[in-house]
Structures are given as structure tokens and as C-alpha cells.
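> Below is a structure I'd like to ask you about.
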Amino acid sequence: MFKHEDDRRSLIELTNGEYKACKVVVAKRDCVLGDHYHQGKDERFLLVMGHATEVVLGDDVLRGVDAPAEWWVPRGTYHRFSLTAGSVLVGVMSETYEEGDERQGQP
């Protein structure tokens, strides 16, 4: 992730690479997202606005993360994001959505 700011604007280059899907999540209230893992795709998440009270990636737990922040989530890695209201989380995926790929809980 690259960030640049001057008197005109703030610029955040989110990511580059070969991705097949992208999603933008805007938290309407404090919420928990994820709580699962994928068997067939890798993901990159970018907190572009707001605050994550907790981020769980496999065995790693991060607390009190402010935007901008970035996380790489390889296939098979459990992930969960606890976001505050108004936060914006962008996710890019190596593969498009496939029913049955998402598994609830930890592997």
C-alpha cells in the first residue's frame, strides 16, 4: 500500500497485482466480518477508512488498528475483522466467488 498527501488531496494506492474480484465493505455499525477461511482463493484486505478494534489472521491477533492498513490472507487462513461504524474495508481476491469455498470458523 502506498500513501501520498499534499495540499490538494490524499492518495492511497491500494494494491497492484493479478486479481479477479474486488469488494468494498462499508460498516454501518460496529460489526464483525469474516470469521471464516477459504480453500481456493487468496485475499488482500485494505482498511482505507476507520478503525479495527481487532483483526485475527490465523494465530495472529492485532488490536486497535487505524486506517490505512493492509493484510495478506493466503488460502486456508482463518480471518476475522472487528470494525467500528463508518469503517471502509476493501478486499481483492485471486479468484471469483465460488459457492462452497468459504468455510465458517477456523480450519
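The values are calculated or read from the model by the stated rules, or taken from the named source; none is laboratory data. None of these values were measured; they are calculated from a predicted model. Every residue, glycine as well, gets a Cβ built from its backbone with ideal geometry; the counts of neighbours run over all protein chains shown. We work out accessible area using only protein heavy atoms, side chains counted, and drop any ligands, DNA or RNA first. Shrake-Rupley method; radii C 1.70, N 1.55, O 1.52, S 1.80 Å.
> Would you work out the charge dipole size for the chain about its Cα centre, treating the Cβ of every Lys and Arg as +1 and the Cβ of every Asp and Glu as -1, and quote it to the nearest 20 debye? Walk me through the numbers before you get to the answer.
Working: 13 positive and 19 negative charges, 51 e Å.
Dipole of the chain, to the nearest 20 debye: 240 debye.
> Rank these residues by their accessible area, most exposed first, probe 1.4 Å: 63, 103, 80.
Final ranking, largest accessible area leading: 63, 103, 80.
> Further, regarding this structure: Trypsin sites (Lys or Arg not before Pro) within segment 1-50: which are DSSP loop residues with at most 12 other Cβ atoms inside 10 Å?
8, 9, 20, 28, 29
> So if each residue of separation counts as 0.36 nm, and I subtract the Cα-Cα distance between residue 28 and residue 98, what length gain in nm does that give?
Extending this stretch completely gives an extra 22.6 nm.
> Across the chain, how many lysine pairs separated by 8 or more positions, or lying on different chains, have Cα atoms within less than 25 Å?
4
> If I compute solvent accessible area with a 1.4 Å probe over the protein chains, what percent of it on the chain is carbon and sulfur? Write out the running numbers ahead of the final one.
Numbers: 3100 of 6540 Å².
Answer for the chain: carbon and sulfur cover 47 percent of the accessible area.
> Given a Förster distance of 30 Å, report the FRET efficiency between residue 18 and residue 62 from their Cβ-Cβ distance, rounded to the nearest 0.05.
0.70
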